[in-house]
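The values are calculated or read from the model by the stated rules, or taken from the named source; none is laboratory data. In this text the structure is predicted, and so the values were computed from the model without any measurement. Please note: Cβ atoms are built from the backbone with ideal geometry, for glycine as well, and neighbour counts cover all protein chains shown.
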Amino acid sequence: MSKKAKPKRPEPKAIPERERCRVYLISPPALEIATFADTMAAALDAGDVAAVQLRLKDVDDEALKRAIDALRPVVQSRGVSFLMNDRPDLAVAHGCDGAHVGQSDTPALVARKILGDLTMGVTCHNSRHLAIEAAEAGADYVAFGAFFPTTTKDATAQADIETLRWWAEVMEIPVVAIGGITAANCAPLVQAGADFLAVVGAVWHHPDGPAAGIRAMNAAIDAA
């Protein structure tokens, strides 16, 4: 494959740190690339979103690359960070703003070297120890979860809101709350100090469509 110049990206190149809790949108685990770009655009145009993470499982690299090429411009043109799940190599090669790695994915220290100054997030389940290790490895944010039952993935740990509260009070590195979060149940997480709420079903499975899901999440954050 011939090398191409990296596309010029609008700021921010990393998830911006803000006082107000913000939506961190994760893609559905499967999607139809040809039509999903318009769906993503409508969702992002409906309200504040800090970042989009492309998380597709059980697809080959070519399918991942096609999805990146289709969705990255839609996301970045709106000033929203575009992150890859698990694949810092593809994030760097295809103009993404960073990557998110789990405990069974690319080790954080390795991912940090691959990503350079791009954003790196790390899954830490409910572990203060793992979160501190992630911070020492150069994580730009840590993620705790699952806080609520979720059908999106097999949750290996039930997160305690006190872990989230402790991190928010003691550490400067932003924290993402994840796992079964909806507009109806997110208030305690916002109040505990979450910088970002990672959502999947609350948006993509909203009965009135993804745009309504984004509006509902932002309204719930403001109400909290």
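The residue that is nearest to the chain's Cα centre (by Cα), among those in region 23-51 that are at pLDDT 95 or above and of a type in the set (D, E, K, R), is D48.
So that you can scan it fast, the table gives a plain yes or no per residue for (1) buried (at least 20 other Cβ atoms within 10 Å of the Cβ); (2) within 14 Å of the chain's Cα centre (by Cα):
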| position | (1), (2) |
| --- | --- |
| V101 | yes, yes |
| P107 | no, no |
| R112 | yes, no |
| G116 | no, no |
| R128 | no, no |
| E133 | no, no |
| P174 | yes, yes |
| I178 | yes, yes |
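Of the residues in region 151-165, at least one is of a type in the set (G, A, S), surrounded by 18 or more Cβ atoms within 10 Å (Cβ to Cβ) and part of a loop (DSSP other than H, G, I, E, B).
Looking only at region 135-166, count every residue that is within 20 Å of I26 (Cβ to Cβ) and over 15 Å from the mean Cα position of the chain (by Cα) and tell me the total.
Initially, region 135-166 is screened for residues within 20 Å of I26 (Cβ to Cβ), giving 139-159, 164.
Filter once more, so that each one left must be over 15 Å from the mean Cα position of the chain (by Cα): 147-151, 154-159, 164.
Number satisfying all stated conditions: 12.
Would a scan of region 154-172 turn up a residue that is in contact with a strand residue (DSSP E or B) (Cβ under 8 Å, 6 or more places away or on another chain) and in contact (Cβ under 8 Å) with a residue 60 or more places away in the chain? No: region 154-172 contains no residue that is in contact with a strand residue (DSSP E or B) (Cβ under 8 Å, 6 or more places away or on another chain) and in contact (Cβ under 8 Å) with a residue 60 or more places away in the chain.
Looking across A143, A202, A219, A184, one residue alone is within 30 Å of D38 (Cα to Cα), of a type outside the set (S, T, Y) and either part of a strand (DSSP E or B) or modelled with pLDDT under 95 (or both). It is A143.
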